[in-house]
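*Asks:* Take this structure, written in structure tokens, and hold onto it; I'll ask about it next.
The values are calculated or read from the model by the stated rules, or taken from the named source; none is laboratory data. In this text the structure is predicted, and so the values were computed from the model without any measurement. Reconstructed Cβ throughout: ideal geometry from the backbone, glycine too, with neighbour counts over all protein chains shown. Calculation scope for accessible area: heavy atoms of the full protein, side chains included, ligands and nucleic acids excluded. Shrake-Rupley method; radii C 1.70, N 1.55, O 1.52, S 1.80 Å.
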Amino acid sequence: METVVSGIRPTGNLHLGNYFGALRNFLTMQNEHNCYFFIADYHSLTTHPTPADLHGNVRQILVEYLAAGLDPEKSTLYIQSDVPEVVELYLFLNMNAYIGELERCTSFKDKIRQQPENVNSGLLTYPTLMAADILIHRATKVPVGKDQEQHLEMTRTFGNRFNRLYNVDYFPEPQAFNFGNELVKIPGLNGSGKMGKSEGEGNAIYFADEPEAIRKKVMKAVTDSGPTEPHQPKPEAIQNIFQLMKVVSAPETFNFFDEMYNTCQIRYGDMKKQLAVDMIAFTEPMRERIKSISADEAYVSRVARMGKEKAQENAAKTIREVREIIGFKRF
Ligand code: TYM
């Protein structure tokens, strides 16, 4: 049995990228493995949310996890800040995490560009906090999208370094996991890059979006004037809509438009209309469940309390053992 850990930052609603990159992979594991899923609210402090936004976003993601099919009886579903043991491990790991390697991390370099007015040390040590999330449960598998690959590499480095420093074989090497094997990057609708909450208005499709909002965003997706020769390679923006169609539409639909492209008969308006219909159908069941679960205050609170208890029990055991290894002995 594997121990599985993954998390999502509560900085906005759940989008298709989160689902195909991470959540869908969790769901394939919860029946057989020892699974921990959490809401990374400590991580979200790097962008300085207001208290009201922080709480609202945590609640929303908790509801969306449940709506997506996470079973709190099978998995441990918890809020990161309910398990402060994570912070103690973060401190220990930071003692052996070097400034140079943290500065070279791609996500840190991206953040410096995105928020030059707020380059705080939480951003620099983001990978050690993430490593603490994973190592606190001594996880072996971490379902994530492609953008988290480097963080997993760093987690292995920090775990191995701890093992070497104290001459123990305590932390296993966690591997990034996707049940289709390749880690994925779901593109956004604005022509380049990935679907994401910080990638601009209209780029991401959220499960909580109303059908009309989805239709509008899809119809505005960036395209071009179409291929001029048969079997021309697809430019990035076009490849992106095809990739989105691949994940939400039937294979026949994808093949039909692919054929139209290859024979220069494609009409992007028609393709986007179809993509919008398929996205609305794909997100429909979750949209309904989000509404009903969100209305059940008692259930949401019960889930959070139950997760805290289960996650804390395991985290406390790790911290006890790590303290012992480091040399914090009882007097
Ligand atoms: P976050 O909140 O940015 O995203 C959550 C998960 O969704 C995946 N994802 C995507 N996958 C494919 N295509 C996309 N367009 C896309 N956008 C997002 C991310 O890869 C991620 O798996 N650092 C993490 C949160 C975290 C974490 C952890 C994850 C903190 N500690 C420990 C795993 C284990 C993050 O910022 O994800």
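*Asks:* For 169, 209, give the ranking by accessible area with the largest first, probe 1.4 Å. Mind showing how you got there, number by number?
*Replies:* Working: 169 140, 209 25 Å².
Putting 169, 209 in descending order of accessible area: 169, 209.
*Asks:* Name the shape class, rounded, prolate or oblate, that the alpha-carbon gyration tensor gives for region 219-316, where a ≥ b ≥ c are the square roots of its eigenvalues, rounded holds for a/c under 1.5, and otherwise prolate holds if a/b is larger than b/c and oblate otherwise.
*Replies:* Values: a/c = 4.07, a/b = 2.67, b/c = 1.53.
It is prolate, given that a/c is not under 1.5 and a/b is the larger ratio.
*Asks:* Go through 68, 190, 50 and say which Cα lies farthest out towards the positive end of the charge dipole of the chain; charges sit on Cβ, +1 for Lys and Arg, -1 for Asp and Glu.
*Replies:* Checking the options against the dipole of the chain, the answer is 50.
*Asks:* When only the heavy atoms of the protein chains count and the probe is 1.4 Å, how do 59, 24 rank by accessible area, highest first?
*Replies:* Working: 59 50, 24 80 Å².
The ordering from most to least exposed comes out as 24, 59.
*Asks:* Does the chain classify as rounded, prolate or oblate by the C-alpha gyration tensor (a ≥ b ≥ c root eigenvalues; a/c under 1.5 gives rounded; else a/b over b/c gives prolate, otherwise oblate)?
*Replies:* In terms of gyration-tensor shape, prolate.
*Asks:* Sticking with this one: So how strong a dipole does the chain carry about its Cα centre when Lys and Arg Cβ are +1 and Asp and Glu Cβ are -1, to the nearest 20 debye?
*Replies:* On the way: 38 positive and 42 negative charges, 101 e Å.
About 480 debye.
*Asks:* Does region 10-49 come out rounded, prolate or oblate by the C-alpha gyration tensor, with a ≥ b ≥ c the root eigenvalues, rounded set by a/c under 1.5 and, if not, prolate when a/b is larger than b/c and oblate if not? If you can, show how the numbers build up before the last one.
*Replies:* Details: a/c = 4.26, a/b = 1.76, b/c = 2.42.
In terms of gyration-tensor shape, oblate.
*Asks:* Expressed in nm to one decimal, what extension gain is obtained for the pair residue 220 and residue 118 from 0.36 nm per residue of sequence separation less their Cα-Cα distance? Walk me through the numbers before you get to the answer.
*Replies:* Working: separation 102, 0.36 × 102 = 36.72 nm, distance 3.20 nm.
My answer for the length gained is 33.5 nm.
*Asks:* Something else: Check residue 176: other-chain or 5+ apart residues with amide H under 5 Å from its amide H, H built from backbone geometry?
*Replies:* The answer is 142.
*Asks:* By how many degrees, 0 to 90 and rounded to 10, does the Cα axis of helix 251-262 deviate from the longest principal axis of the chain?
*Replies:* Result, in degrees: 60.
*Asks:* Right, next: Going by alpha carbons, how many degrees (0 to 90, nearest 10) lie between the helix axis of 268-294 and the longest principal axis of the chain?
*Replies:* So the inclination is approximately 40 degrees.
*Asks:* May I ask for the distance between the Cα centers of region 211-269 and region 85-145, given as a whole number of Å?
*Replies:* Value for the Cα centre distance between the two parts: 37 Å.
*Asks:* Please name which of 253, 27, 241 has its Cα lying farthest along the dipole of the chain towards the positive end, using unit charges on Cβ (Lys, Arg +1; Asp, Glu -1) and the Cα centre as origin.
*Replies:* 27
*Asks:* Provide the FRET efficiency to the nearest 0.05 for the residue 316-residue 168 pair, computing r from the beta carbons and using R0 = 25 Å.
*Replies:* Details: r = 19 Å, r/R0 = 0.75.
Efficiency at R0 = 25 Å is approximately 0.85.
*Asks:* Karplus couplings for region 33-41 from phi (6.51 cos²θ - 1.76 cosθ + 1.60, θ = phi - 60°), rounded to Hz, Gly and Pro as x?
*Replies:* 10, 8, 10, 10, 10, 9, 9, 7, 6
*Asks:* For residue 239 and residue 288, what does the FRET efficiency come to when R0 = 25 Å and r is the distance between their Cβ atoms, rounded to the nearest 0.05?
*Replies:* Numbers: r = 32 Å, r/R0 = 1.27.
That pair, residue 239 with residue 288, gives E of 0.20.
*Asks:* Just from its helices, what would the mean residue ellipticity at 222 nm be for the chain, if runs of 4 or more DSSP H residues each count -39500 (n - 2.57) and the sum is divided by every residue, rounded to the nearest 500 deg cm²/dmol?
*Replies:* On the way: 14 runs with 171 residues, N = 331.
Taken over the chain, the calculation gives -16000 deg cm²/dmol.
*Asks:* Ordered by residue, what ³J(HN,Hα) values in Hz, to whole numbers, does region 3-11 give under the Karplus form 6.51 cos²θ - 1.76 cosθ + 1.60, where θ = phi - 60° and Gly and Pro are x?
*Replies:* 9, 10, 10, 7, x, 9, 6, x, 10
*Asks:* Here's another thing I want to ask about it. Could you tell me the calculated FRET efficiency between residue 256 and residue 300, based on Cβ-Cβ distance and R0 = 51 angstrom, to the nearest 0.05? Spell out each step's value before the answer.
*Replies:* Details: r = 42 Å, r/R0 = 0.83.
After rounding, the FRET efficiency stands at 0.75.
*Asks:* What is the gain in length, in nm to one decimal, between residue 263 and residue 107 on full extension, counting 0.36 nm per residue of separation less the C-alpha to C-alpha distance? Please report the intermediate quantities before stating the final value.
*Replies:* Values: separation 156, 0.36 × 156 = 56.16 nm, distance 4.01 nm.
Contour length minus Cα-Cα distance gives 52.1 nm.
*Asks:* Order 258, 133, most accessible first, counting only protein heavy atoms with a 1.4 angstrom probe.
*Replies:* Numbers: 258 35, 133 5 Å².
Ranked list, largest accessible area first: 258, 133.
*Asks:* Ok, one more. Restricting to Cα pairs below 8 Å that are 6+ residues apart, what does the relative contact order work out to for region 197-291? Please round to a whole percent. Before the final figure, lay out each step's value.
*Replies:* On the way: 75 pairs, mean separation 39.2, N = 95.
Rounded, it is 41 percent for region 197-291.
*Asks:* Taking the Cβ of residue 212 as the center, what net charge do the other residues with Cβ under 14 Å away carry, scoring Lys and Arg +1 and Asp and Glu -1? If you can, show how the numbers build up before the last one.
*Replies:* On the way: positive: 215, 216, 217, 220, 273, 287; negative: 209, 210, 284.
My count for the surroundings of residue 212 gives +3.
*Asks:* Using Cα pairs under 8 angstrom and six or more residues apart, how large is the relative contact order of the chain, in percent? Provide the component values of the computation, followed by the final result.
*Replies:* On the way: 479 pairs, mean separation 75.8, N = 331.
With pairs under 8 Å counted, the relative contact order is 23 percent.
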